[in-house]
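Computed from the coordinates by the stated procedures, all read-outs in this text should not be read as laboratory data. Since the structure is predicted, the reported quantities are computational estimates derived from the model, not experimental observations. No Cβ is skipped: glycine too gets one built from the backbone with ideal geometry, and neighbour counts run over all protein chains shown.
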Amino acid sequence: MGLRKRISAKLPLVAACLFIALTVTASDNILLSPGFEDTPSGEAPAFPPWWEWNDIGAVMTGTTGGEVSGKVSHSGKRSVARRVKGKALGCYAQTAEVVPGQIVDAGIWIRTSKEFTGAEAYLRIEFKTKDATIIQAVESKKISSPGESWKLYTIEATPVPERAATAVFCLFVRGKDKNSSGTAWFDDGYMHIKFKGLI
Ligand SMILES: [Ca+2]
């Protein structure tokens, strides 16, 4: 009898802790400046804390580049634009620390220009070891049509693989061949990292 009383007395406390954990994990967006409105210091526009790279090596013969756009946005005043011309790959990215056993949910709003041809834009999560070796990459659906209006592209409930130390949130635009061209805009990204059982 006494044991049952002690257990029942603890249940509300357990329930309260679980509720707090659920509330925190469900709402945390770990991306910094996810809408490209501000830098951490409040200045705008600027890429940091986003980093970018262009793949224009021997295989990739085209060009890619972009900027924070003050003319196009899903919300707020700005988005980030990525242009591609020819066979090339461009990316904006942010990196988060993870541990195996966690679950990753991510998404980003994307739209394309009227001349978006032979190209595709998408979200990609790369899981890497401590020495930056890619273990696994997961990609959202890809947008390849010209003149597409804003639409949310997601990667849902992806388990962090064994040996992973980081998850890289990447916004990709890829030109498939020499005739590819166009611009994609990204805005309002999110990445939630939760532990299993706390979804
Ligand atoms: Ca925005």
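Between Asp38 and Glu52, the simple spin-label model (points 7 angstrom out along Cα→Cβ) gives 2.2 nm. Note on Lys71: lysines with a C-alpha under 22 Å away, same-chain residues under 8 apart excluded, are Lys85, Lys114, Lys151. Shape call for the stretch 42-136 from the C-alpha gyration tensor, a ≥ b ≥ c root eigenvalues: rounded (a/c under 1.5), prolate (a/b greater than b/c) or oblate? Oblate is the answer for the stretch 42-136, as a/c is 1.5 or above yet b/c matches or exceeds a/b. As a proxy for reagent exposure, Phe172, Phe36 were ordered by neighbouring Cβ count within 10 angstrom, fewest first; the result is Phe172, Phe36.
In straight-distance terms, cross-link reach from Lys196 covers every one of the lysines whose alpha-carbon lies under 24 Å from its own, apart from those fewer than eight places away in the same chain; here that gives Lys10, Lys128, Lys130. FRET efficiency for the pair Ala157 and Thr133, taken as 1/(1 + (r/R0)^6) with r the Cβ-Cβ distance and R0 = 25 Å, rounds to 0.55. The modelled label-to-label distance between Ala93 and Lys178, using points 7 Å beyond Cα along the C-beta direction, is 2.9 nm. Here Lys87, Lys151 are placed in order of increasing Cβ neighbour count within 10 Å, fewest first, which gives Lys151, Lys87.
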